[in-house]
Amino acid sequence: MSNRNASVLLFLAIVAAVAVFLYVTAYAQQVKTFSDGVGKEGRVAIKDYSLLLTFAELAGPYKADISVTIYDSGGGIIVNEGSAGPWFYADLPPGNYRVVAADPNGDGQSASFDLEGRKQKIVRLVWR
């Protein structure tokens with residue numbers, strides 16, 4: 001392979017990588033999210049989101065200040081942000097996803113889930 005061909009292939013690979021990055025970044029910014037406590041205000045918002053994540057300890061208390069990363073079926077990051085409260089809502093389109101959540105100590109939980117239509121999915125993550 002000539003140096004010119006190698007340079008062209010490298011340029012095309014860089015352009016493709018940038019395009020994928022920009023697409024994923026733009027998509028991730030379009031996901032509507034909301035974090036709240038377990039009070040009445042949080043329950044009002046429940047119907048507007050396709051996903052509700054809840055965070056709690058096995059002994060019962062809810063957990064807050066959780067970092068949340070949601071991946072699509074291809075492993076791309078769709079959501080990467082913190083949840084101030086123990087309830088985290090995201091409005092995702094139908095599909096297959098994986099969530100990884102970690103508390104401030106770095107202890108994590110994860111789950112895979114499917115979203116179908118506009119029916120809300122509730123995923124409970126429990127720390128032991």
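Every read-out reported here was derived from the displayed coordinates using simple, explicitly stated rules and does not represent laboratory data. Keep in mind it's a predicted model, so treat the numbers as computed, not measured. A quick note on method: Cβ atoms are made from the backbone with ideal geometry, for glycine too, and the neighbour counts reach across all protein chains shown.
Observations on the structure shown:
- Per-pair calculated FRET efficiency, R0 = 30 Å: SER2 and SER110 via Cβ, rounded to 0.05: 0.05
- Sites ILE77 and ALA56, calculated FRET efficiency, Cβ-Cβ separation with R0 22 Å, nearest 0.05: 0.35
- Extension gain from ILE46 to VAL126, taking 0.36 nm per residue of separation minus the Cα-Cα distance: 26.8 nm
- Rg and Dmax of region 32-127, both derived from C-alpha coordinates alone, stand at 12.4, 36 Å.
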